[in-house]
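Asks: Before we start, here is the structure in question, set down as structure tokens.
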Amino acid sequence: MWMGGDFDYDSQGADYAAQRRADPRIAAYIERALGDARTVLNVGAGAGSYEPLGRHVIALEPSATMRAQRPAHLAPAIHGVAEALPLDDRSVDAVMAVATVHQWSDLAKGLRELRRVSRGPVVVMAFDEVAPGHCWVNDYAPELLAAERRRYPGLEAIAAGVGARAEVQVVPIPFDCTDGFTEAFYGRPERLLEPAVRRAQSSWGFVPPEVEPRFVETLSADLASGRWDELNGAWRRLPAYEGSLRLVVGRG
Ligand SMILES: C[S@@+](CC[C@H](N)C(=O)[O-])C[C@H]1O[C@@H](n2cnc3c(N)ncnc32)[C@H](O)[C@@H]1O
């Protein structure tokens, strides 16, 4: 039974776990924000990326396809959505939600629920799509960023929902980031030519059908001719990119 957000992970999410592996350097930001929480609710848990080990985790995920990709060392996820959490008030030490808030049908309601069930931090990893300095991908597929801007909630709305004392941190994206969201390939353009990589990035489902083939064709041609490196070669030497990835932490 599908009850989740704006992208159908039940039919489109089969490659997700392989392409979107938690990056340990990004995970360290989440671990720090969770502090000494022993019990954690992971909302929109997907296949379990970034789920902390060594704590008691309840995972909640609406898509059966995503739940089925959880590795054996993690507890199974229960079916549910952020907007109606099946937990009592203040029943866990912390709540986390990674790369999921943009899919919820009602952001404010979902965040109210996260705040309600957490005794401590509410930790949200999200993308700030109005952040300046977007990388070269925008030159090849401006429709992608436009779609993300339409789709992604503003950081102020997230910060307002996670609690009175909200803090927003920029999370640098490492050059060899193992979590394959679009900006993760800022210095490895060839990887974005792989269909499996793009299939694990839901934003491609929100642009007109001609955009993806045009992106592949123009990027392939520029890489083959050396034009990409002429214009963008510096991205290959950047050890980490402060792009749109953010951690929003509310503490009550
Ligand atoms: C991009 S995936 C992220 C999964 C995981 N947190 C990660 O970091 O890999 C977004 C997830 O949010 C889930 N989702 C969509 N709408 C939701 C909602 N209303 N409440 C909770 N989760 C939702 C989707 O099913 C999907 O698994």
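The values are calculated or read from the model by the stated rules, or taken from the named source; none is laboratory data. Model, not experiment: these values are computed from the prediction. Here the Cβ is made from the backbone with ideal geometry for all residues, glycine too, and neighbour counts use every protein chain on show.
Asks: What's the number of the only condition in (1) within 26 Å of residue 242 (Cα to Cα); (2) under 17 Å from the mean Cα position of the chain (by Cα); (3) not charged (D, E, K, R) that residue 82 fails to meet?
Replies: Of everything listed in (1) within 26 Å of residue 242 (Cα to Cα); (2) under 17 Å from the mean Cα position of the chain (by Cα); (3) not charged (D, E, K, R), residue 82 misses just condition (1).
Asks: With the condition being modelled with pLDDT under 95 and among the polar types (S, T, N, Q), I'd like the helices (runs of 4 or more DSSP H) fully within segment 1-99 carrying at least 1 qualifying residues.
Replies: Qualifying helices (runs of 4 or more DSSP H): 9-12, 16-19, 64-68.
Asks: Further, regarding this structure: Please verify whether segment 129-138 includes one or more residues that are part of a loop (DSSP other than H, G, I, E, B), within 12 Å of the ligand (Cβ to nearest atom) and either within 15 Å of residue 246 (Cβ to Cβ) or in contact with a strand residue (DSSP E or B) (Cβ under 8 Å, 6 or more places away or on another chain) (or both).
Replies: No, because not a single residue in segment 129-138 is part of a loop (DSSP other than H, G, I, E, B), within 12 Å of the ligand (Cβ to nearest atom) and either within 15 Å of residue 246 (Cβ to Cβ) or in contact with a strand residue (DSSP E or B) (Cβ under 8 Å, 6 or more places away or on another chain) (or both).
Asks: Might you check whether a residue that is buried (at least 16 other Cβ atoms within 10 Å of the Cβ), more than 9 Å from the ligand (Cβ to nearest atom), more than 14 Å from the chain's Cα centre (by Cα) and in contact (Cβ under 8 Å) with a residue 40 or more places away in the chain occurs anywhere in segment 53-68?
Replies: No.
Asks: Of all the residues that make up segment 141-171, how many are part of a helix (DSSP H, G or I), under 30 Å from residue 218 (Cα atoms) and not small (Gly, Ala, Ser)?
Replies: 8
Asks: Right, something else. Has segment 39-47 got at least one residue that is closer than 20 Å to residue 90 by Cα, touching a residue at least 24 places away in the same chain (Cβ under 8 Å) and surrounded by fewer than 23 Cβ atoms within 10 Å (Cβ to Cβ)?
Replies: Checking segment 39-47: at least one residue is closer than 20 Å to residue 90 by Cα, touching a residue at least 24 places away in the same chain (Cβ under 8 Å) and surrounded by fewer than 23 Cβ atoms within 10 Å (Cβ to Cβ).
Asks: Here is a follow-up. Quick check on my filter: what residues within segment 81-101 are touching a strand residue (DSSP E or B) at 6+ places or on another chain (Cβ under 7 Å), touching a residue at least 40 places away in the same chain (Cβ under 8 Å) and under 26 Å from residue 181 (Cα atoms)?
Replies: Once the filter is applied, which keeps residues that are touching a strand residue (DSSP E or B) at 6+ places or on another chain (Cβ under 7 Å), touching a residue at least 40 places away in the same chain (Cβ under 8 Å) and under 26 Å from residue 181 (Cα atoms), segment 81-101 yields 94, 95, 96, 97, 98, 99, 100, 101.
Asks: Name the single residue, out of those in segment 171-224 being of a type in the set (Gly, Ala, Ser) and more than 19 Å from residue 134 (Cβ to Cβ), that is surrounded by the fewest Cβ atoms within 10 Å (Cβ to Cβ).
Replies: Checked segment 171-224; the qualifying residue surrounded by the fewest Cβ atoms within 10 Å (Cβ to Cβ) is 224.
Asks: Among the residues of segment 58-115, how many are over 23 Å from residue 201 (Cβ atoms) and of a type in the set (Lys, Arg)?
Replies: Here the count works out to 4.
Asks: For the structure I just gave you, tell me whether residue 157 is out of contact with any strand residue (DSSP E or B) (no Cβ under 9 Å at 6 or more places or on another chain) and surrounded by fewer than 21 Cβ atoms within 10 Å (Cβ to Cβ).
Replies: For residue 157, the condition - out of contact with any strand residue (DSSP E or B) (no Cβ under 9 Å at 6 or more places or on another chain) and surrounded by fewer than 21 Cβ atoms within 10 Å (Cβ to Cβ) - is met.
Asks: Can you find, within segment 69-124, the residue that is surrounded by the fewest Cβ atoms within 10 Å (Cβ to Cβ) among those that are basic (Lys, Arg) and within 12 Å of the ligand (Cβ to nearest atom)?
Replies: First, the residues of segment 69-124 that are basic (Lys, Arg): 70, 90, 109, 112, 115-116, 119.
If we keep only those that are within 12 Å of the ligand (Cβ to nearest atom) as well, we get 70, 109.
Details: 70: 20, 109: 14.
Within segment 69-124, the match that is surrounded by the fewest Cβ atoms within 10 Å (Cβ to Cβ) is 109.
Asks: Same structure, new question: Among the residues of segment 186-211, write down those that are assigned to a helix (DSSP H, G or I) and either without any contact (Cβ under 8 Å) to a residue 24 or more places away in the chain or closer than 21 Å to residue 102 by Cα (or both).
Replies: Once the filter is applied, which keeps residues that are assigned to a helix (DSSP H, G or I) and either without any contact (Cβ under 8 Å) to a residue 24 or more places away in the chain or closer than 21 Å to residue 102 by Cα (or both), segment 186-211 yields 191, 195, 197, 198, 199, 202, 203, 204, 205, 206.
Asks: Does residue 147 satisfy the condition of being of a type in the set (A, V, I, L, M), within 20 Å of the chain's Cα centre (by Cα) and either within 15 Å of the ligand (Cβ to nearest atom) or surrounded by fewer than 20 Cβ atoms within 10 Å (Cβ to Cβ) (or both)?
Replies: On the way: of a type in the set (A, V, I, L, M): yes; within 20 Å of the chain's Cα centre (by Cα): yes; either within 15 Å of the ligand (Cβ to nearest atom) or surrounded by fewer than 20 Cβ atoms within 10 Å (Cβ to Cβ) (or both): yes.
Judged against the criteria, residue 147 is a match.
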